[in-house]
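Worksheet: the structure to be examined is printed underneath.
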Amino acid sequence: MSTHPPSDTLFVHANQLDPLRQAVVPPVYRATTYHQADPWNPPAFDYARSGNPTRDALEQAMAAIEGGMRGLAFASGMAALTAAFLLLRAGDHLLVTRDCQGGTQRVLRGVFSRFNIEVTYVDTDQPKMLEWALQDNTRAILVENFSNPFLHVADIPAIVQWAHAHDLSVWVDNTFVTPYLQNPLTLGADLVLHSGTKMIGGHSDVTAGLAVTRTEELGRQLYFIQNACGAILSPDDSYTVHRGMRTLPVRLRQASQTAMALAQTLSQHPAVSDTYYPGLPSHPGHQVAVDTMHTQRGFGQMVTFRLRDVGEVHLMAQRLRLARIGAGLGGTETIVSLPELHCHAALTQEERQARLITSDVVRVSVGLEEPEDLIDDFVEALNA
Ligand code: PLP
């Protein structure tokens, strides 16, 4: 079995059969405690917060798929990000992608600022510009790839080279790109994070966070935080995320094809002023994506566009028949988000303005509908 880029086969067979009964999928272990016949030689699993076989199967599969040493599953994407931030000490400085999702900014501003963690937001699609933000106390850079909502593409190898030369740890929130289209650890990053609620879970029915470390040592530190702070993924949710993960390649190939067709259509529609999709050669990050991702598989399922007339947003939202409107992404159904009301609602009006996230911006998570049906849905909503 080839390892990287991870094949469809690896997604399906990243785990061995269940050792106890040879079950082809991991059994759900709900027990919170385990009998210790010899308490001086405790078994592999003793207490559910510290370890659970169903969660362990998912964590090991994620580590194999990302090409890392240790996988860890958390109760949400925010719990995984929070665990990463807890690696820092009071007085440390962190660099973060400027247009990252609102939740990351909310926790850094509302929680970690109280513990004296300093943050500078930087354009991680411009690695040559990072130097200005560097401080003596900078410890790490969190790259959100693609960025949200404009899908800027980060050059992970270039960022890793720069950051490691300055002794910074590189953390990549690769939720939008997914482990099928890129594996940052194999490009030298130290930690990869995902909201498992999105493409990996894949069906809008589970909330989860995933982290994989490049080294055993960072894995040990992050495990300490996971166990100490306790934001673990439940056994049932671990099972559900694991099931979603197995079909990620098939879903993403299909959704990426439709996303490309939708982006091409939108880019030619008179009501649309800008289309942001890394698969379009006109996108500023297109070449970086081709150079650093497994783009022969696709460019992902996220498409963002800007309407010429802000009044059209309301009309379009009312006229869409298939696409759902709301805050999620990565499911089988197409979801339209209005960043101002949904993913970036946690920002102030001024912060949104500064990031050009205005009321005319629309973000689409493309689902698995018949491509023509979906494109017709958007074209009819915009034509009307
Ligand atoms: N990272 C990214 C890129 C996201 O889009 C989100 C949520 O939208 C999160 C992290 C947080 O994930 P969760 O909602 O699972 O806590």
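All of the numbers you see were taken from the coordinates with simple rules; none came from a lab. Note that the structure is a prediction, hence the values are computed from the model and not measured. Positions of Cβ are backbone-derived with ideal geometry, glycine not excepted, and every protein chain shown enters the neighbour counts.
Worth pointing out:
- Cα-based shape type of segment 297-384, given that a ≥ b ≥ c are square roots of the gyration tensor eigenvalues and the cut on a/c is 1.5: oblate
- The modelled label-to-label distance for the pair A90/D38, using points 7 Å beyond Cα in the direction of Cβ, is 4.5 nm.
- Shown here: the chain, whose C-alpha atoms stretch 72, 50, 35 Å along the first, second and third principal axes, sorted largest to smallest.
- Summing +1 for each Lys or Arg and -1 for each Asp or Glu among the other residues whose beta-carbon sits under 9 angstrom from that of D377 gives -2.
- Nitroxide proxy distance, nm - points 7 Å out along Cα→Cβ at A133 and V24: 4.7
- Packing order of peptides 197-204, 317-324, highest average first: 197-204, 317-324 (average count of other Cβ atoms within 10 Å over each peptide's residues).
- DSSP-defined beta bridges in segment 168-326 - what % are antiparallel, rounded to 5: 75
- A simple packing score, the average count of other Cβ atoms within 10 Å per residue, orders the peptides 51-62, 146-157 as 146-157, 51-62, with the highest score first.
- Burial order of peptide ranges 118-129, 247-258 (average beta-carbon count within 10 Å, highest first): 247-258, 118-129
- Helix-only arithmetic for the chain: the sum of -39500 (n - 2.57) across DSSP H runs with n ≥ 4, divided by the residue total, places the mean residue ellipticity at 222 nm at -10000 deg cm²/dmol.
- Listed by number, the DSSP H helices of the chain that run 24 Å or longer by alpha-carbon position along their axis and have mean Kyte hydropathy of at least -0.5 are 248-267.
- Considering only beta bridges that DSSP places wholly inside the chain, some 55 percent are antiparallel.
- Local electrostatic count at H283 - Lys and Arg +1, Asp and Glu -1, tallied over other residues with Cβ under 11 Å: -2
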